[in-house]
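The values are calculated or read from the model by the stated rules, or taken from the named source; none is laboratory data. Keep in mind the model is a prediction, meaning the values are calculated, not measured. Positions of Cβ are generated from backbone atoms using ideal geometry, with glycine treated the same way; all protein chains shown enter the neighbour counts. Keep in mind that these areas ignore ligands, DNA and RNA; they rest on the heavy atoms of the full protein, side chains included. Shrake-Rupley method; radii C 1.70, N 1.55, O 1.52, S 1.80 Å.
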Amino acid sequence: MATETVYEKPMGSPCLCANLRRATRAVTHVYEEEFRRAGFTGATQFHVLRAVEQADSLRQGDLGILLDLDKTTITRTLKPLFQKGWLVLESHTDAREKWVKLTKTGREQIQRARPAWEKAQGRMKRALPPGMWDLFMGSLPKLAELGASA
């Protein structure tokens with residue numbers, strides 16, 4: 001008679017990396033669930049549009065650095081945003097540089113997606129114990145900066 005093995009999810013690990021990766025996947029799932037309803041295929045698309053909106057126009061390589069994405073990943077991430085007409089490439093004096101700019105349609109997409117982002121933010125705030133949201137929002141950017149120099 002065969003017995004069924006049931007695996008329980010571990011409560012945690014002593015490894016910072018493992019815990020952050022699990023947490024990131026869980027949080028990403030919440031945001032992507034909301035963003036799908038707004039026409040995005042991933043949360044990164046919203047963050048790319050917002051970064052370009054805030055900068056007005058920036059080099060593709062600088063966008064990759066800003067979002068901590070390597071050249072291949074930023075190229076792959078931008079492709080559907082160009083195809084949907086949310087972003088365009090601009091020419092500047094140095095033809096070797098690719099400058100990314102938000103289109104009117106891209107701005108409209110951000111506005112359509114903002115309620116989805118706000119809903120995801122709210123879901124996460126409500127899911128966290130009191131005070132943890134502020135703790136994360138204050139410490140995670142610092143952890144990202146420190147991690148690069150560790």
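Just a few scattered comments:
- Here Ala95 fulfils each of the conditions (1) surrounded by 12 or more Cβ atoms within 10 Å (Cβ to Cβ); (2) among the aliphatic types (A, V, I, L, M); (3) assigned to a loop (DSSP other than H, G, I, E, B) apart from (1).
- First in the stretch 24-51 and closer than 16 Å to Gln109 by Cα, second anywhere and of a type in the set (Asp, Glu) and surrounded by 14 or more Cβ atoms within 10 Å (Cβ to Cβ), Cβ under 7 Å, 6 or more apart: Gly42/Glu32; Ala43/Glu32
- Some residue of the stretch 54-64 being open to solvent by 40 Å² or more (accessible area, probe 1.4 Å), in contact with a helix residue (DSSP H, G or I) (Cβ under 8 Å, 6 or more places away or on another chain) and within 19 Å of Val27 (Cα to Cα): no
- Verdict on Gly138 being over 19 Å from Val30 (Cβ atoms), in contact (Cβ under 8 Å) with a residue 12 or more places away in the chain and either assigned to a helix (DSSP H, G or I) or of a type in the set (Gly, Ala, Ser) (or both): no
- Which listed residue is among the small types (Gly, Ala, Ser) and either closer than 24 Å to Glu145 by Cα or assigned to a loop (DSSP other than H, G, I, E, B) (or both), from Gly122, Gly64, Gly106: Gly64
- Evaluation of Phe82 against (1) open to solvent by 50 Å² or more (accessible area, probe 1.4 Å); (2) outside any helix (DSSP H, G or I); (3) touching a strand residue (DSSP E or B) at 6+ places or on another chain (Cβ under 9 Å) (one fails), failing number: (2)
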